[in-house]
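Engineer: Structure below; questions to follow.
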Amino acid sequence: MKYTVFILPEAKEDLFEIYRYVAEHDSIARAEALLDGLEEKCVSLCNHPERGHGVPELKRVYVESFREIHYKPYRIIFQISPKNVYVHAVLDGRRELQDLLERRMLR
C-alpha cells in the first residue's frame, strides 16, 4: 500500500533552516544537494514507513506515536495514519533534542 506523505509547515521550516545554514557556511550547491536528499528521503516514506523506529526522547515521556528515519546526521520525525504519513520535523541529530521534541510534539 502506498501512503501519501505530507511535510507539515514546521518540517518545511526545518528544511529551510538546514538549507540556509549549509548555503551560508558551505555552498549553495551542497545546500541544494542536501535539501534534495532530505526531501527524497521524506517522500520515500510513501513505501513502508514502518521501517523507521520510535523516537527515544519521546519514548522517555511515554509518547510512542512518532517514528523516525535518518539521513546523514538528520532525523526525520513522522507519524503514520491509515493512509498518510505526516512529517513533523527534520532535525540535526547532533543537537540536544529532548526539550525541542517535547515542546513541538506534545502541544
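The values are calculated or read from the model by the stated rules, or taken from the named source; none is laboratory data. Fair warning: this is a prediction, and the values are worked out from it, not measured in the lab. A quick note on method: Cβ atoms are made from the backbone with ideal geometry, for glycine too, and the neighbour counts reach across all protein chains shown.
Condition check ((1) in contact with a helix residue (DSSP H, G or I) (Cβ under 7 Å, 6 or more places away or on another chain); (2) over 12 Å from residue 88 (Cβ atoms); (3) surrounded by fewer than 18 Cβ atoms within 10 Å (Cβ to Cβ)) across all residues:
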site	(1), (2), (3)
7	yes, no, no
29	no, yes, yes
38	yes, yes, no
54	no, yes, yes
62	no, yes, yes
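Engineer: Which of the residues belonging to segment 24-38 are in a helix (DSSP H, G or I) and not small (Gly, Ala, Ser)?
Structural biologist: Passing the criteria: 24, 25, 28, 30, 32, 34, 35, 36, 38.
Engineer: When you scan segment 15-24, do you find a residue that is within 10 Å of the chain's Cα centre (by Cα) and not β-branched (Val, Ile, Thr), even just one?
Structural biologist: yes
Engineer: Report whether or not residue 65 is at pLDDT below 90 and within 16 Å of the chain's Cα centre (by Cα).
Structural biologist: yes
Engineer: Here's a follow-up. Might you let me know whether segment 31-54 holds any residue that is modelled with pLDDT of 95 or more, farther than 17 Å from residue 103 by Cα and in contact with a Gly (Cβ under 9 Å, 6 or more places away or on another chain)?
Structural biologist: Within segment 31-54 (the criterion being modelled with pLDDT of 95 or more, farther than 17 Å from residue 103 by Cα and in contact with a Gly (Cβ under 9 Å, 6 or more places away or on another chain)), the answer is yes, since at least one residue qualifies.
Engineer: Condition check: closer than 15 Å to residue 91 by Cα and assigned to a helix (DSSP H, G or I). Does residue 15 satisfy that?
Structural biologist: Judged against the criteria, residue 15 is a match.
Engineer: Contact list please: Cβ distance under 9 Å, first residue in segment 49-64 and free of Cβ contacts under 8 Å to residues at least 40 places away in the same chain and outside any helix (DSSP H, G or I), second residue charged (D, E, K, R) and buried (at least 19 other Cβ atoms within 10 Å of the Cβ), pairs at least six apart or on different chains.
Structural biologist: 52/67; 52/68; 53/67; 53/68; 54/67; 54/68
Engineer: Return the residues of segment 90-101 that are at pLDDT below 95 and touching an Asp or Glu at 6+ places or on another chain (Cβ under 7 Å); say none if nothing qualifies.
Structural biologist: 91, 97, 98, 101
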